[in-house]
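One structure is given below, encoded as structure tokens.
The values are calculated or read from the model by the stated rules, or taken from the named source; none is laboratory data. Predicted model, so just to flag it, every value in this text is computed and none were measured. Because the Cβ atoms are built from the backbone with ideal geometry, glycine has one as well, and the counts that use them run over all protein chains shown. The protein model used for the area step is the full one, side chains on, heavy atoms only, and it has no ligands, DNA or RNA in it. Shrake-Rupley method; radii C 1.70, N 1.55, O 1.52, S 1.80 Å.
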Amino acid sequence: MEDQNQESSDPVVALSLCDSTPLLWRAQDLRTVRSQSVVGALLGSLPRAPRQNLKLGRPLLLLPEEERLLRERHAALWVMTERTRSRIQAAEMSFLRREQQRSFEEQSVFALEDRKSALQRAMTSSQSGKNEALQRRLLDLDQNFTFPRSALAIQLSTTRAGLNYCPEARAFLQLDWPIRDQGNAQFDTRYLVFRDLWGRGFFLTSAGKFGGDFLVYPGDPLRFHAHFIAICLSLDEPVSLLDILAAARLGCNVKKTVLLCSPAPNGPVHYTSVQWSGMV
Amino acid sequence: MAEVMDGTKKRGETEPPNWILQHPVMKELEVGDSTQLHAAFLVFMDLTEVRQWTKVTYAESPELQLVLLEAKEKDGGPVQTVLPLPVHRSLSHRSIRHLLDRGFPLLLCAVASDSTLVYQRMTDGLVTPEPPVGLFHDAGRRQKQRRRKQ
């Protein structure tokens, strides 16, 4: 129950897809997900320090598991796909056309008044002979005045409200192949483990550096070292003993416990800690 | 000893029988996998002769078709399950879970082809690693730098 309340009160983050890569752009979204112990990885260049890669800025790249977790928790997560983008463009176009029509009507009223006052000024200043002709023209003007569209002054708004993140950069970053494949059993295994550990309050990042699936932190990675290297495998998958030994040896050297994680079918996740026994 | 002698005598005639399999302890076991049996014997010898563990006995897991060892590090210590395996074998997480269900702490002992052994401890659940012992090296390094400056 409490969980549901939390879900509804949490702000929804705007996830944008660069091809198939899930990215977060807004600073408040980054804060939101971090407060929910989702870490991700920053990969943008900092404008003030573009020629280094130790400190990075927005956007935040999410792991596939993190993306799926956020999708599951927030029903109304806004995903910027090609379709929504074109729908937004269509909405913007019709808004612009309506604005232009309104502007045209306003301007034609002003133009008519302008014309009339010019004629009236001419009538007062000229002799009575010409006045009749001017009077006729004035009546004529009232009946069939048309304001030409080419004379329309176009207004350009230089400030806008709403989300519009550099579409040209997005086009530039478009990838040719999909990175993630969310449909397979391996991904499901990883995701179930991720969700379970995350639910226990751990912070997880990817553990490519350590030859595992996830690094498991007891708190925020900025404040803690990781305690575990999680390796996700299904219960019946045969693992070479050499692989287990390699992982355990590495884990011992970096003072972390290797964790074999297997989700049982429709049940809890089984965890087995592997540590060196210390017997030389 | 006599059996070993037997083995050497027969060498000229036919293939010699594996002397390890002739060991009195091994004769009692009936597990088909002879390479695993060989690994189990090496671990048995390591525990009894090198590490001086006590109460080292063989056990079998009929479900997994594996030879296990049960041993105590010291008299009065807890019984531990030891799973001896040749390094080129593979293992599923389910069988590890099965062995943990025996209720004793589990040691996996990998036996390489040159008979070197390594013991890995396997525990159910999440075991937090021990924090690093002693001062951080970083502090010492800074002090040294300071000394050099002086």
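Taken over the range A:69-94, the criterion of being at pLDDT 85 or above and open to solvent by 60 Å² or more (accessible area, probe 1.4 Å) is satisfied by A:93 alone.
For the range B:69-98: of the residues being at pLDDT below 90 and of a type outside the set (D, E, K, R), which is surrounded by the most Cβ atoms within 10 Å (Cβ to Cβ)? Checked the range B:69-98; the qualifying residue surrounded by the most Cβ atoms within 10 Å (Cβ to Cβ) is B:77. Candidates in the range A:115-146 are the residues that are within 28 Å of residue A:156 (Cβ to Cβ) and surrounded by 10 or more Cβ atoms within 10 Å (Cβ to Cβ); of these, the one that is modelled with the lowest pLDDT is A:145. Residue pairs whose Cβ atoms lie under 9 Å apart, sitting 6 or more positions apart in sequence or on different chains, and linking a residue in the range A:221-237 that is more than 24 Å from residue A:252 (Cβ to Cβ) to a partner that is hydrophobic (A, V, I, L, M, F, W, C), are A:234/A:185; A:235/A:264.
Residues of the range A:30-66 that are in a helix (DSSP H, G or I), over 23 Å from residue A:184 (Cβ atoms) and either in contact (Cβ under 8 Å) with a residue 24 or more places away in the chain or open to solvent by 60 Å² or more (accessible area, probe 1.4 Å) (or both): A:30, A:31, A:33, A:34, A:35.
Here is a yes/no grid of residues against (1) modelled with pLDDT under 85; (2) open to solvent by 30 Å² or more (accessible area, probe 1.4 Å); (3) within 14 Å of chain A (Cβ to nearest Cβ):
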{"residue": "B:7", "(1), (2), (3)": "yes, no, no"}
{"residue": "B:18", "(1), (2), (3)": "yes, yes, no"}
{"residue": "B:51", "(1), (2), (3)": "no, yes, yes"}
{"residue": "B:107", "(1), (2), (3)": "no, no, yes"}
{"residue": "B:116", "(1), (2), (3)": "no, yes, yes"}
